[in-house]
Amino acid sequence: MIFLKKFSAAVIFAAILTILSGCSVGAADNSGDGSSAETTVATIEPVTAEPLPDVSSLAPAESSYIYDYANVLTAGQTAGINSYCEKLYKERLINTAVVIADSIGEKTPYEFADDSYNEIYEGRGSGFLLLINNDTGEDYLYRTGSCLAAVPDGAEDLPFFWATKDIVAGDYSSAILRVLQLGERCPEHVFDNIGAFTAEELSALESELSGSGKGLSVLATSNGTDKSNEEICRSYFERHSADGKGYMMMIDTKSGTVTVVSGESLPASLGTAKTAAEKLVKAGDEPGAVREIAAALK
């Protein structure tokens with residue numbers, strides 16, 4: 001059974017360069033004065049795979065995130081991967097899934113992964129879907145929303161390299177967890193489902209909010225559903241906050257409005273800040289809107 005994409009010579013060469021990067025040899029002295037050439041050899045640091053996430057201590061998942069049409073996972077492996085997917089789903093607010101297929105028909109791996117994501121999540125939210133393509137051997141890591149900025153093209157190459165070794169050893173579970181672990185690069189406070197922030201803005205806001213101690217998280221979206229912004233913001237808040245503390249701010253670029261919810265009382269100063277933040281959203285300054293709300297919180 002073929003697993004993962006066929007690695008190009010360029011990828012393998014890059015891995016070799018990484019391994020050899022710790023070696024430095026001094027050039028020989030050709031001055032002809034008879035002195036000995038000095039050669040310096042540094043210790044080569046071996047490239048090792050990142051430790052796998054420990055799923056043994058995770059709570060059983062409430063939902064299923066695995067679509068194993070090839071039947072390669074045991075029940076225990078499925079349970080562990082489901083628990084890890086749910087961890088990403090709640091902590092990083094990303095829609096996570098694994099699809100293992102023996103046939104993708106006439107579709108490209110991207111088309112199959114894209115269709116799978118649309119079928120599972122209706123194309124909504126920030127997503128992270130791993131397609132294991134046992135049909136043509138070319139797998140695909142599908143990303144959308146904030147996952148695109150957090151896990152750029154090429155970030156999956158090294159995890160795929162080690163995952164291939166796992167599969168050769170018959171360990172599909174480790175291979176899947178190794179790739180899914182890239183999801184931990186996604187933000188914990190800024191959830192940009194529509195690309196409202198540039199990669200630089202998202203990184204700056206994530207740093208500011210994580211260090212503020214105010215417990216503010218931000219959802220950027222464009223509400224095209226029949227649910228109110230209050231309902232959507234509340235659902236994301238409850239999914240993300242285990243203890244009901246902190247705040248969730250939702251920016252709806254479609255209506256140009258800002259919604260803030262919490263499990264606690266909202267400060268009186270938030271009304272004025274919300275009005276100012278909505279003006280900034282309508283002016284195209286979403287980062288400024290976030291900072292306006294953050295400044296109003298205790």
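Since every read-out is calculated from the coordinates, none of them should be taken as a lab result. Only a predicted model underlies this, so the values are computations on that prediction, with no experimental measurement involved. FYI the Cβ positions are ideal-geometry reconstructions off the backbone, even for glycines, and counts take in every protein chain you see.
Annotations for the structure displayed:
- Measuring r between the beta carbons of ALA155 and THR48 and using R0 = 25 Å, the FRET efficiency lands at 0.90.
- Point-to-point label distance, LYS214-LYS282, nm (Cα→Cβ direction, 7 Å offset): 2.2
- Packing-based ranking, highest mean first, of 145-158, 67-80 given that Cβ atoms within 10 Å are counted: 145-158, 67-80
- Reachable aspartates and glutamates, given that their alpha-carbon falls under 16 Å from the alpha-carbon of LYS165 and they are not under 8 places away in the same chain: GLU50, GLU138, ASP139, GLU156, ASP157
- Cα-based equivalent ellipsoid, the stretch 97-166: semi-axes from gyration tensor eigenvalues, Å: 18, 17, 9
- Remark: spin-label model distance ASP135-LYS298 equals 5.6 nm, labels positioned 7 Å along the Cα→Cβ axis.
- The residues neighbouring GLY284, those whose beta-carbon lies less than 13 Å from its own, together hold a net charge of -2 under the Lys/Arg +1, Asp/Glu -1 convention.
- Exceeding the 27 Å Cα-Cα cut-off - candidates LYS245/LYS282; LYS107/LYS227; LYS87/LYS282; LYS227/LYS279; LYS214/LYS274: LYS245/LYS282; LYS107/LYS227; LYS87/LYS282
- Packing order of peptides 223-232, 277-286, highest average first: 277-286, 223-232 (average count of other Cβ atoms within 10 Å over each peptide's residues).
- Between LEU266 and ALA199, the modelled labels are 3.5 nm apart [label points 7 Å from Cα along Cα→Cβ].
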